[in-house]
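Some notes on the structure that comes next.
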Amino acid sequence: MKERGLLIVLSGPSGVGKGTVRQAIFSQQDTKFEYSISVTTRNPREGEVDGVDYFFKSRDEFERMIENNKLLLEWAEYVGNYYGTPVDYVEQTLQEGKDVFLEIEVQGALQVRNAFPEGLFIFLAPPSLSELKNRIVTRGTETDDLIENRMNAAKAEIEMMDAYDYVVENDDIQTACDKINAIVLAEHLKRERVAPRYKKMLEVE
Ligand code: 5GP
């Protein structure tokens, strides 16, 4: 039987750059992770493609997916839209021995932690609160009130750091990617994962 893949969960506060780091990881040729494409009810942004960036659904369709247990691993409402992870894809891909990569917000990551504690939970942290505010402001889409809301939400999200296994500061995108790849490599080399293979070898000898 093939060894199951790892479920890698990259999460962190709004505005920290999760999407940018994820895109950088997947733009590298030797990436061995399978990206789990999320389902969302938000409208596609310019250039986004259905089935590539997200599966874009209506609220009705999304709610039907919840009822039909298609989003059992996690789903969350975030800034007025639903986001969720298709559980069948994740389960099947892990069974094929491949590592699955989720890039999701904090509420969803906490649900995955409950449903799937053997996952690898990586918290992407901002270099500082002022830098985080800077990033939210330079996105340019928020009013002052909303920026304040986002900052308060981000502070509450940073307090959730305790639920994660590793913390990676996003000061430089390439450095953050290198650290994430190193964490995954180390996880694969954990004695608990490697030892059964050797035990089997000894049985055959
Ligand atoms: P955006 O609308 O900017 O693409 O994503 C908004 C937020 O939703 C980001 O923090 C992103 O990480 C998160 N997100 C994307 N897909 C999922 C998902 O399947 N589940 C959850 N809980 N969050 C998601």
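Some notes on this structure:
- Residues that are more than 9 Å from the ligand (Cβ to nearest atom) and either in contact with a Pro (Cβ under 9 Å, 6 or more places away or on another chain) or open to solvent by less than 20 Å² (accessible area, probe 1.4 Å) (or both), drawn from segment 1-14: Glu3, Gly5, Leu6, Leu7, Ile8, Val9
- For segment 172-182, the condition holds for no residue, the condition being that it is within 14 Å of the ligand (Cβ to nearest atom) and open to solvent by less than 80 Å² (accessible area, probe 1.4 Å).
- Of the helices (runs of 4 or more DSSP H) contained entirely in segment 98-205, those carrying at least 3 residues that are of a type in the set (Lys, Arg) and within 22 Å of Lys2 (Cβ to Cβ) fall at 191-204.
- Number of the exception - Glu157 against (1) touching a Pro at 6+ places or on another chain (Cβ under 7 Å); (2) modelled with pLDDT of 95 or more; (3) open to solvent by less than 80 Å² (accessible area, probe 1.4 Å): (2)
- In segment 68-97, residue surrounded by the most Cβ atoms within 10 Å (Cβ to Cβ) [restricted to those that are touching a residue at least 12 places away in the same chain (Cβ under 8 Å), more than 10 Å from the ligand (Cβ to nearest atom) and not in a loop (DSSP other than H, G, I, E, B)]: Val90
- Sub-8 Å Cβ pairs linking a first residue in segment 23-45 that is touching a residue at least 40 places away in the same chain (Cβ under 8 Å) to a second residue that is polar (S, T, N, Q) and part of a helix (DSSP H, G or I), at least 6 apart or interchain, are Ala24/Gln174; Ile25/Asn181; Glu34/Thr93; Ser36/Thr93, ordered by first then second residue.
- Residues in segment 34-48 that are near the ligand (Cβ under 9 Å from one of its atoms) and either assigned to a loop (DSSP other than H, G, I, E, B) or surrounded by fewer than 18 Cβ atoms within 10 Å (Cβ to Cβ) (or both) were compared, and the one that is modelled with the lowest pLDDT is Arg45.
The values are calculated or read from the model by the stated rules, or taken from the named source; none is laboratory data. From a predicted model like this one, the values you see are computed outputs, not experimental measurements. Neighbour counts run over all protein chains shown; Cβ positions are idealised from the backbone, glycine included. We work out accessible area using only protein heavy atoms, side chains counted, and drop any ligands, DNA or RNA first. Shrake-Rupley method; radii C 1.70, N 1.55, O 1.52, S 1.80 Å.
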